[in-house]
1. Is it fair to say residue A:320 is out of contact with any helix residue (DSSP H, G or I) (no Cβ under 7 Å at 6 or more places or on another chain) and not in a loop (DSSP other than H, G, I, E, B)?
2. Would you mention how many residues in segment A:198-221 are farther than 12 Å from residue A:165 by Cα and touching a helix residue (DSSP H, G or I) at 6+ places or on another chain (Cβ under 8 Å)?
3. Would you confirm whether or not segment A:182-204 contains a residue that is on the phi < 0 side of the Ramachandran plot, assigned to a helix (DSSP H, G or I) and under 15 Å from the mean Cα position of the chain (by Cα)?
4. What are the residues in segment A:120-155 that are closer than 22 Å to residue B:57 by Cα and either in a loop (DSSP other than H, G, I, E, B) or without any contact (Cβ under 8 Å) to a residue 12 or more places away in the chain (or both), if any?
5. Give segment A:1-49 a look and list any residue that's touching a residue at least 12 places away in the same chain (Cβ under 8 Å), surrounded by 12 or more Cβ atoms within 10 Å (Cβ to Cβ) and more than 28 Å from the chain's Cα centre (by Cα), or say none.
6. Please count how many residues of segment B:53-64 are at pLDDT 85 or above and surrounded by fewer than 20 Cβ atoms within 10 Å (Cβ to Cβ).
7. For segment A:62-74, name all the residues that are modelled with pLDDT under 85 and either assigned to a helix (DSSP H, G or I) or touching a strand residue (DSSP E or B) at 6+ places or on another chain (Cβ under 8 Å) (or both).
């Protein structure tokens, strides 16, 4: 019974921390953007403007929530949920830290270790396209619809490349369990180079990274909401909390994507010489969570950095990059990985 | 607990399947089709077939219904509302057909279908490794045949589209 209580506490804690990161990210986004554009950024609310997200949240909650006259009310209302919920669920398979022994129970710092591991993550993230599509269609606005159609085409195209990149990683590590994948990356080569998958599969990592930007609708792939041509894209007709949920969903998807990239390619919560993968002490577990947080944070800052550095792709360039560059490259990578895996039988 | 969840998912799948065909607005049909696939995926997960459950989510919900929606969003609904559906089946024929299907379903249930409750399954049943072993070591020929069939269908669709284009141009 007490192990069930511990599990419930673990799930609540992971979820609570996960929900606190988007406001922090919004603050970071505005500060980094200001730094890149040689401005100061938010600095009025609290010291260094640190309370700005709180002010934003109060503003968004108290704003009038307008539902336009000709929208399809049911789909218009549920669409933001379709963006936010999958982003939150997909985090469930990410291992966030080393095992820890508490009151005689060994606790895995991962909400669920499914038989299908990474495939579950891919399946759940593919659901978030519905939020954009339904929201766009239900808004009954031509700009919204354009945004929705663009996002549908974009997500389907890049999901293929992402899936193929993941298959290469699965083949070289021989497991779909994210937990085992992290353990497999915990040793070192030549005594100093960590055995991270990014060194086995550099091409798969680059493809996955580009596809991750496209899947989360971040610049340079934010065609669905291109402000200069589509007003606001799929969320043109949204206001108040419903708009905030779209916004939060985007940031939560970014967090999940960063966490999965760290787990797949950068050794998850392990760091040779700092975290002992097989120890179960509380101190070691805390250290591993910190390592995981720093790695994920680095990716999140990278996401923001790219957004304020690169211009947006044109739509035909986006499609060409997806179908004519990334997918052939991913297939080639898959082919060579397969040959390398079967080298003993072939040669 | 297990039986209750099983019952809820089963009822949900039947209701959503009925709603798919009874909605006039095709976007809602697609929404309920999605709900149907999600509940079927849940049923698979409860049977221990987690790989099949996830593929159900990934392929049917994540890709195929998205493509449906992509086409549906380009339709003109005002035209669609004017459309009078001709009755495909008379009620009598429909009744006979559904009774026949029901009878067909009753036969295996009556003659002892193995219980839906997974009792004596190995620990990794339904995992990716298990499926891969079955597919590529036990039945590689069937898999290859299926893939050839799919490529043939793809090429066929392409050829048909090209012929239509040529006829329009000339």
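The values are calculated or read from the model by the stated rules, or taken from the named source; none is laboratory data. Only a predicted model underlies this, so the values are computations on that prediction, with no experimental measurement involved. Methodologically, a virtual Cβ is constructed for each residue, glycine included, from the backbone with ideal geometry; neighbour enumeration extends over all protein chains shown.
1. Answer is yes for this residue.
2. 10
3. Within segment A:182-204, the first condition is being on the phi < 0 side of the Ramachandran plot, and the residues that meet it are A:182-189, A:192-204.
Restricting the remaining residues to those that are assigned to a helix (DSSP H, G or I) gives A:182-184, A:197-200, A:202-204.
Next, from what is left, pick out any that are under 15 Å from the mean Cα position of the chain (by Cα): none.
No: zero hits.
4. Answer for segment A:120-155, where residues must be closer than 22 Å to residue B:57 by Cα and either in a loop (DSSP other than H, G, I, E, B) or without any contact (Cβ under 8 Å) to a residue 12 or more places away in the chain (or both): just A:123.
5. A:3
6. 4
7. Within segment A:62-74, A:73 is the sole residue that qualifies.
Each row is one residue, and each column tells you yes or no for (1) under 25 Å from residue A:85 (Cα atoms); (2) at the interface with chain B (Cβ under 10 Å from one of its Cβ atoms).
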{"residue": "A:128", "(1), (2)": "yes, yes"}
{"residue": "A:142", "(1), (2)": "no, no"}
{"residue": "A:158", "(1), (2)": "yes, no"}
{"residue": "A:194", "(1), (2)": "no, no"}
